[in-house]
Amino acid sequence: MNGLQLYLQSLLNIKHVNYGGYRYIKRWVSPTQKEITRRKRRLPPQSESKRSNFIDWNRNSEIYAFNTRLSEKFDTEKLNQAFTHKSYIVAELKKQQEMGIEEPKLDISHNEEYIEKGREITSEIVKKYLNRSLPRLPEVGIMALHDYLMSEQMLATASSHIGTKDIILTSEHPVSQQTLAQTFVALVGALVESINVDHASAFVRDFLIVGLANKDLTEIWCPTKPFELLNDVIDAERKMSIEARLIGQAGKNTILSVYHVGIYANKEYLGSGFGETIAEAKDVAAINILAQIYGLHHTSQPLRFNEELNVSA
Amino acid sequence: MSNKHLFQKFGFLRAPFGIGVGRYVCQLQRITIKFCKNHGCSLGIRSFLEHDLIDYAKQNPGVVVYVKPRRHRSPVLKAEYLNGETSWICIANFSRQDIIQWMELLKTQYHDGPALRLLKLWHTDFPSIQGPWTPFTFKNPPLNQIKFPDKKIGEALKFKPTATEELITLFEEQQEAEKFDQKIPVQKGVS
């Protein structure tokens, strides 16, 4: 009897409110999502969306932020010009023509001039800086490091890491490496026009030359005939000739052969190197000694990135 | 156990190009705050916008701040970094104080840290300071003076005494004992 009462009570307590939150199982969700995914997979690879086409994009703020982020004092007009590539203007004029405007006109200037000027100045700054921080390195080595820094890839990396990628005005999308590299040198050109060459040299040092900071410099430049070069260097400095001597060898006539060759000048030990053949070991030894002399060795004092350069003088 | 980490981005801990060597550059380039103007879960971000956003923008002139209202969607912070990485945080029901701290975090990092599975806890461009190993590395210096073939070094290694050696030691021990026995009566005689 009690059981029946309880049952009736609970039945009476059920109100309409208790069913208010009831939701049926949405059986259409999963098939719809699956179909959308299937269609997405069937599509050809979609191009990356252009950041400047988003609603939340304000070019003026971007330019202002670019300037303050790098703690630089670019002239805003010149900065805008440095970011504008010729292809952008050509594309815009073409667009106007297609719209039916008879005399298409766009009142902005492109950065061709800055690119040319900036490339020359950047190259000069890099050469001077390297000459100053690696005073004993011969011209060939300086030029090799210079070419490495001025290569398109290096300039593009430097350029994209200061945030130019989205601000550049160009007809191509996504922005190519070449355009990124050109923008970097154009920025240097614009900075020279805005302030002066010395200030631009600090810019190049802080954003381009720092690329050498964690690199093995002997990988970038290595003399082709190291033993002959070392002989010339020692001959010029101490009027002596060098001789290579076998210090140790192991596993002769096997595939695991090792030779340890030391180089001496007038019985004074200069350095040593290892190799699978005697000739190779001799070259490695000479390269080791040359790298130590030139300051390229990984045990040498690392390159300094805080030196002020006086380019204009 | 979850296998979430299998699909996670992985790599070594690397600094972006030239960071920390030249001048200081804030790695956060722009941040978009998306929120709803009347939904409850955007309460914290609305009070952040009212009280702290202007100060944040003033203190960080190098960061472009976009505010994007949208109806009845959860509030979101999206940060874009100089190295092309983005970081996305859902801030539904976050308090104003929380949002101040998350904004600070987004400003001071250069990528979404926890989203990267580290392959190793360290990375170096020069894995070996002393150079590649050769048979001459850690060679004992006295070995330089020796002229080969050398009888002492060329000997076979012995780990156990041979049977002959054991016999010899037994014989020696026996002789010692005999000597000892002979000595004792003499000592007795003295005392």
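Some points to look at:
- Relative frequency of Cα-Cα separations exceeding 22 Å in segment B:15-118, percent: 31
- Exposure proxy order (Cβ contacts within 10 Å, fewest to most) of A:Met150, A:Met99: A:Met99, A:Met150
- Extension gain, B:Thr164 back to B:Ala57 (0.36 nm per residue minus Cα-Cα distance, nm): 29.3 nm
- Choice from B:Pro114, B:Pro141, B:Pro69 showing the highest fluctuation, given a GNM over chain B with Cα pairs closer than 10 Å: B:Pro141
- Normalising the average separation of contacting C-alpha pairs (under 8 angstrom, six or more residues apart) by the number of residues puts the relative contact order of chain B at 25 percent.
- Sites B:His123 and B:Gln101 - FRET efficiency at Förster radius 45 Å, r taken between beta-carbons, to 0.05: 0.95
- Entries of A:Lys105/B:Lys68; A:Lys95/B:Lys68; A:Lys78/A:Lys165 with Cα pairs more than 22 Å apart: A:Lys105/B:Lys68; A:Lys95/B:Lys68
- Residue of A:Asp235, A:Asp107, A:Asp206 that the Gaussian network model of chain A assigns the largest fluctuation, springs spanning Cα pairs under 10 Å: A:Asp107
- Rg over Rh [alpha-carbon atoms, Kirkwood Rh] for segment A:265-307: 1.12
- Three semi-axes describe the equivalent ellipsoid of the protein assembly as shown; taken as square roots of 5 times the Cα gyration tensor eigenvalues and ordered largest first, they are 66, 47, 22 Å.
- Cα-based equivalent ellipsoid, segment A:59-217: semi-axes from gyration tensor eigenvalues, Å: 32, 16, 14
- Among A:Ser300, A:Thr76, A:Trp57 the positive-end extreme of the charge dipole of the protein assembly as shown (Cβ point charges): A:Trp57
- Simple spin-label estimate for B:His72 and A:Ser49 gives 2.2 nm between the two label positions (7 Å along the Cα-to-Cβ direction from each Cα).
Quick note: the coordinates plus some simple rules give every number you see, no bench work behind them. All values reported here derive from a predicted model rather than from experimental measurement. Backbone-built Cβ (ideal geometry, glycine too); neighbour counts: all protein chains shown.
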